[in-house]
Structures are given as structure tokens and as C-alpha cells.
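Shown next, in C-alpha cells, is the structure this report addresses.
The values are calculated or read from the model by the stated rules, or taken from the named source; none is laboratory data. As the structure is a prediction and not an experimental result, all values here were calculated from the model. A quick note on method: Cβ atoms are made from the backbone with ideal geometry, for glycine too, and the neighbour counts reach across all protein chains shown. What goes into the accessible areas is simple: the full protein's heavy atoms, side chains included, and nothing from ligands, DNA or RNA. Shrake-Rupley method; radii C 1.70, N 1.55, O 1.52, S 1.80 Å.
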Amino acid sequence: MKPLLPLSNHSSNTCGNKKNSAIAFGFFLHSTEIHFNMMNQHLIISFSFLVLFLNSSHRISAQSPAQAPSNNVPQTPAQAPAKPAIQAPVQPPTQATTPVQAPSEVPLVQAPPRKAKPEPTNVTKILDKAGGFSVFIRILRSTQVINQIENQLNVSNSLTILAPTNGAFSSLKPGTLNSLTTEQKVQLVQYHVLPSFVSLSNFQTLSNPVRTQASNTDEYPLNITTQGNWVNISTGLVNTSISGTVYADSQLAIYKVDRVLLPLGIFAPRPKAPAPAPAVAKPNKGSLDSSSSSSSESSTPDSTPAAALLNASGAHSLTSRAGTMVGSLLAVVLAVFSVWIV
């Protein structure tokens with residue numbers, strides 16, 4: 001058996017334990033009070049900040065008035081509720097088949113690219129750019145021969161133009177062009193146009209008379225001869241030569257000439273009219289009366305030569321009678337004069 005502790009020691013231990021418990025409980029109460037005070041302080045501070053925030057937001061909303069809704073903003077109409085999409089029925093899986101391809105638009109053999117149609121040759125523009133052909137350009141337009149030329153070039157016809165210069169027209173006699181009719185001016189211009197393309201080296205192959213766009217080669221003959229590099233032109237009235245090339249391609253050739261080509265059909269000298277027959281002397285009134293009376297008595301209207309013969313015989317007899325009367329009158333005057341002298 002353990003020895004029993006003395007009573008005094010047991011009571012002293014019990015008092016020490018109670019004292020320690022009281023100290024611990026007091027310390028717990030003190031710490032709890034401190035913690036409660038700190039929580040109160042935090043709550044007071046948070047509440048203060050919340051009051052300040054609400055106060056400031058109220059002031060800001062009071063200072064800025066609400067704006068009226070703008071009329072410029074289009075109002076979006078209320079949309080109807082979307083219908084639920086109808087899902088396609090799920091088809092049962094089918095056996096895999098090879099898809100049929102659509103026919104391709106790309107041909108197996110490519111066509112060659114089309115050539116762009118060239119613009120028609122502008123003859124007046126070429127002559128104007130070359131310079132010195134203003135008179136010829138004006139005649140081409142006034143006679144409308146330029147329209148014929150451009151139409152022929154548009155349908156791939158070839159032409160050769162012998163273009164006279166302004167100096168060629170100034171060498172003509174004054175009033176030469178103004179004295180021509182409209183048809184003659186057209187023929188004159190067409191006389192300077194050959195209905196085919198002729199290069200300088202091919203003039204020697206032409207046969208005379210050379211055909212032009214004028215009426216015919218009988219009234220409008222044109223002879224062309226070559227001598228080396230020279231091309232000589234003769235109309236029967238004018239002799240000249242080509243002095244230069246204005247323009248040349250595979251369809252049109254324009255050459256410069258220093259003389260206007262005057263065709264015989266327009267400018268050939270006309271034969272002089274025969275001199276008029278001498279006028280028949282008019283008989284006097286008496287002879288007319290006698291001849292008319294004698295012709296009416298001795299002839300009929302159907303015998304024209306006989307009437308003319310009778311008129312001539314009547315006139316002769318009247319003349320002889322007048323001579324006899326004049327002779328007798330002179331004899332009487334001489335007899336009276338001789339008696340007066342005696």
C-alpha cells in the first residue's frame with residue numbers, strides 16, 4: 001500500500017489548481033473581450049465606408065439628369081419568335097456508291113484565241129497628221145467620197161490613193177474647182193483612187209490605161225509608167241510623178257503627188273461651135289405683099305419647093321419693075337433740068 005499523503009499537501013494542491021483555473025478563465029474572458037471589440041471596430045469601419053459610398057453615388061446620380069431617348073436611333077422592331085428548326089429525318093445508312101461527276105466545262109481541245117477586230121483605217125486622220133493635204137481632205141468630205149473609201153476598207157477591200165498636196169491645188173487656174181458640178185467633183189476625187197493596193201515596186205506590173213474608181217477608162221484614162229524608182233503618171237492633160245509615200249500597209253497605200261490629176265472626161269477642151277449661117281436679107285413691105293399674094297394665087301400649101309420658087313420669081317419681077325420706075329423718073333428729072341438751063 002502506498003503511504004497516505006498528508007492532508008495539508010492535498011489541500012495545498014487543490015488550492016493551486018483552482019487558482020490556475022481562475023487565471024486561465026480570466027485570460028480567456030479577456031481575450032474574448034478583445035476579439036469582440038476588434039470585430040465591433042471592423043463592423044463600424046465597414047458600415048462607415050458603405051454609408052459614404054451610398055452617399056456619393058446618390059449625389060452623382062442627382063447631378064447628371066437622365067437623357068431623353070434619341071429619335072435618330074432606329075427602333076428595332078420586335079422579332080417574331082424563331083420557329084424551331086425542323087430536323088431532317090435520319091436516313092438509314094446505305095451502301096457506299098461511287099459519286100457521278102458532273103461534266104466538265106473545260107473542253108478537251110482548246111480553241112485558238114480570237115483575234116481582236118482591228119479598228120478601221122482613218123484616211124483623213126492620216127492625211128491630217130502628214131500635213132499639207134487640207135484641201136484634199138475638204139473635197140473628200142464635201143463630196144462624201146471619204147465615206148465610200150472607209151466602207152470599202154471596213155469590208156477588207158484594198159485601195160491606193162494618189163493624194164494631191166495643197167500646192168497642187170493652188171497651181172490650178174482660179175475658179176477651176178468652183179466651176180465643176182457636184183458629180184464632176186466626185187469623179188475628180190475618185191479619179192485619184194485605184195481599186196486595189198499597189199506598192200511602189202508593183203506599179204510596173206500595171207497595164208495601161210490603169211483602172212480608177214471614176215466612171216470608165218475611155219473618158220477617164222490614166223497611164224502609169226516606171227523608170228527606175230520613178231513612177232510617172234499621165235492623164236492626157238497633166239504629167240506628174242509620185243513624190244513620196246504618205247502611208248502604206250497591206251490594205252491601204254497613200255502616195256503624194258504634186259499635181260492635181262485632171263481627167264479628159266472633165267477638162268478636155270471642147271470643139272468650138274460652128275459659125276452661125278448669115279442672116280437672109282429681109283425684103284421690104286411691098287415685096288412681102290406681092291410675094292404673099294403671088295404665092296397664095298399660084299401655089300398650094302403642100303408644094304413647099306414650088307412656093308419658094310414662085311416667091312423668088314415674084315421678088316425678081318418686083319425688083320425689075322422698081323428699076324424701070326426709077327429709070328423713067330430720072331429721065332423726067334434730066335429733061336426738066338435741061339429745059340430750065342436753056
### Spacing of the two label points (7 Å from each Cα toward its C-beta) at Met38 and Asp218, in nm
14.3
### Size of charge dipole - the stretch 123-262 - debye, nearest 20, with Cβ of Lys, Arg +1 and Asp, Glu -1, no other charges
300
### With DNA, RNA and ligands ignored, accessible area of Phe133 (1.4 Å probe; Å², nearest 10)
10
## Note on the structure
Per principal axis, largest first, the Cα atoms of the stretch 123-262 extend in Å by 36, 33, 28
### Message
What does the charge count around Ala163 come to, taking other residues whose C-beta lies under 11 Å from its C-beta (Lys +1, Arg +1, Asp -1, Glu -1)?
### Response
0
